[in-house]
Each structure stands twice: as structure tokens, then as C-alpha cells.
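Nothing in this text is a laboratory measurement; each read-out follows from the coordinates by a stated rule. Being a predicted model, the structure only gives us computed values, none of them experimental. Cβ sites come from the backbone with ideal geometry, for glycine too, and all protein chains shown count toward neighbours.
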Amino acid sequence: MNPMLLLCLAAVALLGACTKEDAPQEDDHSLLIGKDWLRSGGTIPRNGTTQQEAKLSSCEQDDFLRFEEADRLLYDEGLSRCKPAVSQVLEGTWRLQQKDRLLILDIDNDLRGKHQITELTETNLSFRYSRAGKQYILTYTRR
């Protein structure tokens, strides 16, 4: 058999064995950074065992988080402020641990502490955390 023909057949066989790989998934760090995450809901414990949908007051509906490079975190109260005497924007820090699923926030509000990410996509962020022995889940939507 012709060596050139064998070479061509081998090349075709090798190329046919290759499969198209899926596009690489963004990591959690990249998904968080540079986006405004608008608070969209969550659940809070009620009577110790049942969960109740967390209702946002009108002044909370435009509050958002912004994760930036160098672990900089911004919490903005939006146009309708709940506490006019408090700064419009709070600054803090953030970092990810445990295979990028534990979000640690250091900011001067109720969000300070460790939060377990339960969902993180291009458009949704949810995490749970404990306060006084109760589990809370907060949900954010990319704005």
C-alpha cells in the first residue's frame, strides 16, 4: 500500500477520534467580580422548623452587593435608603475558601461572616448562613 495513503488514513483516524470539548466553565471568583448583585429574596426560619419567604421592605429592594478585584466589597443601599443616617455605600472585603464555595464577607452590616454558596451562575447568587442558631438563605440576581 502507498505510504502516503497510509499516512492520510492515519491522520483521518486520529482527527476523527478527537471530540470537541465543552467551553471551560467560569470559576466562582470570575462569576462574582464586577457585577451588581441585587437582593431578590430568600428564606428565614420561623418557629424553629419552618421556613418563611423573606419579604423585602421597599427600601431594601434596590440594595445590591458588588464584588471587585483585590477582594473589595461594596454594599450599596440604592436610591431608596432604609437608614439615611448611614453611609450610602459600605465598603468591606471578601474572599472565597473551601474550593471557592465558602464566601467570607467582612463588612459593617448584617452580612458579616461566613456564607455557604448554594447557587452561583452568570445571573443568580444564593448563599446560606447561620445567626443565633438559625439558618438563613439569601438570593441575589445580577442587575
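Per-residue packing, averaged as other Cβ atoms within 10 Å, sorts the ranges 86-96, 34-44 into the order 34-44, 86-96, beginning with the highest.
Karplus-based coupling profile of segment 123-135, in residue order and whole Hz: 10, 10, 9, 9, 8, 10, 7, 10, 9, 6, x, 10, 8, with θ = phi - 60° in 6.51 cos²θ - 1.76 cosθ + 1.60 and x standing for Gly or Pro.
Taking max minus min of the alpha-carbon positions on each principal axis, segment 59-143 gives extents of 37, 32, 21 Å, largest first. Return, ordered by residue number, the residues of segment 97-136 whose backbone nitrogen is under 17 Å from a label point located 7 Å along Cα→Cβ of Arg142. In segment 97-136, the label zone of Arg142 (backbone N under 17 Å from the point 7 Å along Cα→Cβ) covers 118-127. In order along segment 67-78, the phi-based Karplus estimate (6.51 cos²θ - 1.76 cosθ + 1.60, θ = phi - 60°) of 3J(HN,Hα) comes to 8, 10, 4, 6, 6, 8, 10, 10, 10, 10, 6, x Hz; Gly and Pro are listed as x. Cβ crowding within 10 Å, taken as a proxy for footprinting-reagent exposure, orders Arg142, Arg72 from fewest neighbours to most as Arg72, Arg142. Within the straight-line cut-off of under 27 Å between alpha carbons, the lysines reachable from Lys83 are Lys35, Lys55, Lys114, Lys134, sequence neighbours fewer than 8 places apart in one chain being disregarded. Taking the fewest neighbouring Cβ atoms within 10 Å as the starting point, the ordered list for Tyr75, Tyr129 is Tyr129, Tyr75. Summarising the amide proton neighbourhood of Lys35: residues at separation of 5 or more, or on other chains, whose placed amide H is nearer than 5 Å comprise Phe67.
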